[in-house]
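Here the structure is laid out as structure tokens; the discussion comes afterwards.
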Amino acid sequence: MNVLVLGSGGREHALAWRISKSKLLKNLFISPGNPGTAGIGKNVELEPGKQNIAEFCKTNDIDLVVIGPEQPLVEGLADFLRSENIKVFGPDGKAAEIEGSKSFAKELMQKYSVPTAAYKEFDNTEYGDASVYLKDYKFPAVIKADGLAAGKGVIICNNFIEAENALKEIFVEKAFGGAGSKIIIEEFLEGEEASILAVTDGDDYVLLPSSQDHKRIGEGDTGKNTGGMGAYSPAPVITSRILNEIESKIIEPVLEGMKKEGRKFSGCLYAGLMITSEGPKVIEFNCRFGDPETQAVLPLVGGDFLKLLYSAASGKLDKKAVNFPGGTAVCVVAVSGGYPGSYKKGLEILGLEDTDTAELIVFHAGTSRKEYRIITSGGRVLGVTAVLKENDLQKARTLAYGALSRIKFKDMYYRRDIGIKALKRES
Ligand code: AMP
Ligand code: GLY
């Protein structure tokens, strides 16, 4: 098979890496890709526009397109490619709304009794009503922009003053542009977060191993939200009892509901969950693989991952294509100093050559090549991932952090507590 992976981050490097192991693979293209994906396939620069992607697919006999990020999915790239008879892993625009509109996701969950935080919705003509509603709120309250906001559209407010500021930021200052023309105000959920990825053809699904992201910039989950500072898999907070609940109360009713709504979801359904004292509740759905969860989860997937994706894209999910032999993986994200605020780019990265072992994979995210050097080109730069056959998170952490101590770029920063919550739970 000839495969095209779209995207340039750590998630896409991990997808390409896993696909590159398939016996079914002939040629692997990544667009635009990064220096990491250049080592396992061919990076191609495509002119923007759906038509250009379709033309590339036809010229290169592409059998499957795997769309990494949410934006093109929400904009209907999968629909367009399918209309050109190109096979795609990823949902149609109508199904991607589950991530593209929090209001839609909430309505869906309410209609199909999927456990989630209680909420109320307001649009920008209801600024005053939202303010009145918040006056007597039992804080904290979570205020979310309805549309895509690159992971930044969530504000947790501890009191009315913070809530008023959040409303002003969204409705008046338009901090999230059109994504904030509608908001959700929802109850703050207490518990531990975890992520579940379901690969689905819309009818049937395969759950990949559970994982846990670390969203805040600072150790101990402090400071600003980021795209994700690290992940490990599996997440012990997801016990087998909780996993059963996630399947029966969340994944199955949502896939069923999406079908009934005429929005059959095929691709990767990402459930961001809070494991509360009342059981798992949905924080958000994403319409694609998580980043950095994918970097920790895919190394633990055995069998033929490409076969699984192709079968999902073909509407006949082959659940036996993959297996789950166990093990542990931890991915620690190295970022450029200042991220998620402003940060420098173009910093030379040293020490990458010393990190290639059987138990270590350095996934590239914000990197680019300048002559023979690798330099930083984004906030999240690398995902240093340790993978063990045995279930030993402590050892995996030691390996990952050992590798990080050999990698250097100016003002490099990473959290030193990735996976600590799981270790505390074990002890
Ligand atoms: P989201 O972009 O929806 O994933 O939200 C970003 C982060 O905000 C989540 O990973 C949670 O840590 C936090 N968050 C969002 N919604 C809630 C909620 N209802 N209760 C508690 N924390 C939340
Ligand atoms: N790790 C969070 C996300 O992919 O949205």
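Quick look at the numbers
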quantity	calculated
Chymotrypsin sites (Phe, Trp or Tyr not before Pro) within region 256-318, DSSP loop, no more than 10 other Cβ atoms inside 10 Å	none
Region 188-252: chymotrypsin sites (Phe, Trp or Tyr not before Pro) in DSSP loop, at most 15 other beta carbons within 10 Å	188
Scaled radius of gyration (Cα, divided by 2.2 N^0.38 Å) that region 152-197 gives	1.34
Theoretical gain in end-to-end length, residue 256 to residue 129 [0.36 nm per residue, Cα-Cα removed]	42.3 nm
Carbon and sulfur %, accessible surface of the chain computed with the full protein complex present, 1.4 Å	49
21 Å Cα-Cα reach of residue 395 towards lysines, excluding residues that sit fewer than 8 places from it in its own chain	421, 424
Karplus 3J(HN,Hα) series, Hz, for region 341-355 with 6.51 cos²θ - 1.76 cosθ + 1.60 (x for Gly, Pro)	x, 7, 8, 7, 10, x, 7, 6, 9, 10, x, 5, 5, 8, 10
Difference of contour (0.36 nm per residue) and Cα-Cα distance, residue 203 to residue 323	41.2 nm
Rh by Kirkwood over Cα pairs, then Stokes-Einstein D for region 308-427 at 0.692 mPa s and 37 °C, µm²/s	204
Euclidean distance between Cα centres, region 235-271 to region 66-97, Å	20
Solvent-free Debye scattering, log10 I(q)/I(0), computed from the Cα coordinates of region 129-207 at q = 0.16 Å⁻¹	-0.66
Principal semi-axes in Å for region 1-134 [√(5λ), Cα gyration tensor, largest first]	37, 16, 15
Simple spin-label estimate for residue 83 and residue 215 in nanometres, 7 Å along Cα-Cβ	3.4
Gain on full stretching of the segment that runs from residue 342 to residue 190 - 0.36 nm per residue minus C-alpha separation	51.6 nm
Local electrostatic count at residue 187 - Lys and Arg +1, Asp and Glu -1, tallied over other residues with Cβ under 11 Å	+1
Cβ-Cβ FRET estimate between residue 158 and residue 406, R0 fixed at 35 Å, reported to 0.05	0.30
Amide H within-cut-off set for residue 362, under 5 Å, with H built and near neighbours excluded	385
Euclidean distance of C-alpha centroids, region 333-366 and region 288-303, integer Å	19
Region 220-305: GluC sites (Glu not before Pro) in DSSP loop, at most 14 other beta carbons within 10 Å	278
Mean separation of Cα contacts under 8 Å (6+ apart) over length of region 35-87, as relative contact order %	35
Solvent-accessible heavy-atom area per residue, rounded to whole Å², over region 1-110 at 1.4 Å	40
The chain: equivalent-ellipsoid semi-axes (sqrt of 5 x gyration tensor eigenvalues, Cα, Å)	31, 26, 23
For region 122-221: accessible area per residue (Å², 1.4 Å)	44
Efficiency of FRET from Cβ geometry, residue 245 and residue 136, R₀ 41 Å, rounded to 0.05	0.80
Calculated FRET value between residue 2 and residue 150, using beta carbons and R₀ = 35 Å, to 0.05	0.70
Accessible surface, region 342-427, averaged per residue in Å² (probe 1.4 Å)	54
Dipole axis of the chain (+1 Lys, Arg; -1 Asp, Glu on Cβ), positive-most option in 364, 9, 339	364
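The values are calculated or read from the model by the stated rules, or taken from the named source; none is laboratory data. Treat the numbers as computed from the prediction; the structure is a model and nothing was measured. Quick reminder, even Gly has a Cβ in these numbers, built from the backbone with ideal geometry, and neighbours come from all protein chains shown. SASA here: full protein model, heavy atoms, side chains in, ligands and nucleic acids out. Shrake-Rupley method; radii C 1.70, N 1.55, O 1.52, S 1.80 Å.
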